[in-house]
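Accompanying notes for the structure given below.
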Amino acid sequence: MLFRQFFDATSSTYTYLLASGKGREGLIIDPVKEQANQYLTAIEQLDLKLVRAIDTHTHADHVTALGDLREATGCMTLMGEFTQAECVSAHVSEDDIVDVDGIKLRAIYTPGHTNESFSFLLDPDKPKGVFTGDVLLIRGTGRTDFQGGDPHRSWDSIVNKLFFLPEDTLLWPAHDYKGWTASSIGEEKAHNPRLAGKTEAEYVEIMRNLHLPDPKLMDVAIPANLACGRG
Ligand code: FE2
């Protein structure tokens, strides 16, 4: 399998490009508008045909490249069924399978960071890894204080859905701020400081007391992302 992780330093976003191999159809998850040319270079050099561009949720900290990639490659843009983004060409619901030339992803509805976030499980029959967007991060979790976020739903998505995946399932989040590039479900169960050994009430208390500033790009990014990166 061809697996590439890209990093946008401005927003600390990870983007993932997947394909069964060189010359095959591919898909991209959580692409950043400013990095679109880098993805297109990789796609061209690896002789891929991009057929799906996926956003796990409506991002507040960067503008999506979904619209630009669709224009450049003719790929289909895809998000979860509850998104308000107006120009998404296809929506997924719980347990839908996205199948791109041998790469299979199962959609898992994981609200909490936003009310429309989905995670995507790679190789659902024998789980290899899960793209969690921002609901579950490495040794952290996505904030729950705007965009329909809810710490109870975040707990439920993580503890009652993601933590039921096999422990060796790799975790590929949409962000990291400390240089971690991947983790696993077992690692996060044991070592995530917001979750390990915590009750739901304790988790909710932690999330309600983060007092984070709004993302710098929030007022630009959310309206632009609802329009697929035009704005
Ligand atoms: Fe987010």
Matching residues in segment 56-91 - criterion: being open to solvent by 40 Å² or more (accessible area, probe 1.4 Å), modelled with pLDDT of 95 or more, assigned to a loop (DSSP other than H, G, I, E, B) and away from the ligand (no atom under 16 Å from the Cβ) = Gly74, Glu81
Kindly provide the set of residues from segment 207-225 that are under 17 Å from Glu34 (Cα atoms), modelled with pLDDT of 90 or more and open to solvent by less than 60 Å² (accessible area, probe 1.4 Å), ordered by number.
-> Ala221, Ile222, Ala224, Asn225
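Please indicate, with yes or no, whether at least one residue in segment 157-170 is over 27 Å from Met1 (Cβ atoms), open to solvent by 10 Å² or more (accessible area, probe 1.4 Å) and modelled with pLDDT of 95 or more. Walk me through it before giving the result.
Just the residues of segment 157-170 that are over 27 Å from Met1 (Cβ atoms), to begin with: 159-160.
Cutting the leftovers down to open to solvent by 10 Å² or more (accessible area, probe 1.4 Å) gives us 159-160.
Narrowing further to those that are modelled with pLDDT of 95 or more: 159-160.
Yes - at least one qualifying residue is present in segment 157-170.
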When you look at Ala53, is it outside any strand (DSSP E or B) and touching a Leu at 6+ places or on another chain (Cβ under 9 Å), yes or no?
-> no
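Could you list, in sequence order, all residues of segment 116-127 that are buried (at least 17 other Cβ atoms within 10 Å of the Cβ) and more than 11 Å from the ligand (Cβ to nearest atom)? If you could, list the steps in order and put the result at the bottom.
The initial filter retains those residues of segment 116-127 that are buried (at least 17 other Cβ atoms within 10 Å of the Cβ), namely 116-122, 124.
Phe118, Ser119, Phe120, Leu121, Leu122, Pro124, listed by residue number.
Residue by residue through segment 103-133, note down the ones that are of a type in the set (Phe, Trp, Tyr) and within 11 Å of His57 (Cα to Cα).
Selection gives Tyr109, Phe118.
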So which of Lys22, Lys104, Lys49 ends up being modelled with pLDDT under 95 and more than 16 Å from the ligand (Cβ to nearest atom)?
-> Lys22
With the checklist (1) open to solvent by 70 Å² or more (accessible area, probe 1.4 Å); (2) touching a Pro at 6+ places or on another chain (Cβ under 7 Å); (3) of a type in the set (A, V, I, L, M) in hand, flag the one item Val204 doesn't pass.
-> (1)
Identify all residues within segment 137-151 that are farther than 16 Å from Phe118 by Cα and within 14 Å of the ligand (Cβ to nearest atom); write none if there are none.
-> Gly140, Asp145, Phe146
Within segment 10-42, residues touching a residue at least 40 places away in the same chain (Cβ under 8 Å), within 21 Å of Lys178 (Cα to Cα) and hydrophobic (A, V, I, L, M, F, W, C) come out as Ile29
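Could you tell me whether segment 23-30 includes any residue that is crowded, with 20+ Cβ neighbours inside 10 Å and in a helix (DSSP H, G or I)? Spell out the reasoning first.
Here is the first cut: in segment 23-30, the residues crowded, with 20+ Cβ neighbours inside 10 Å are 26-30.
Still in the list and also in a helix (DSSP H, G or I): none.
No, segment 23-30 contains no residue that is crowded, with 20+ Cβ neighbours inside 10 Å and in a helix (DSSP H, G or I).
The values are calculated or read from the model by the stated rules, or taken from the named source; none is laboratory data. Only a predicted model underlies this, so the values are computations on that prediction, with no experimental measurement involved. Please note: Cβ atoms are built from the backbone with ideal geometry, for glycine as well, and neighbour counts cover all protein chains shown. Side chains are part of the model used for accessible areas, which takes the heavy atoms of the whole protein and leaves out ligands, DNA and RNA. Shrake-Rupley method; radii C 1.70, N 1.55, O 1.52, S 1.80 Å.
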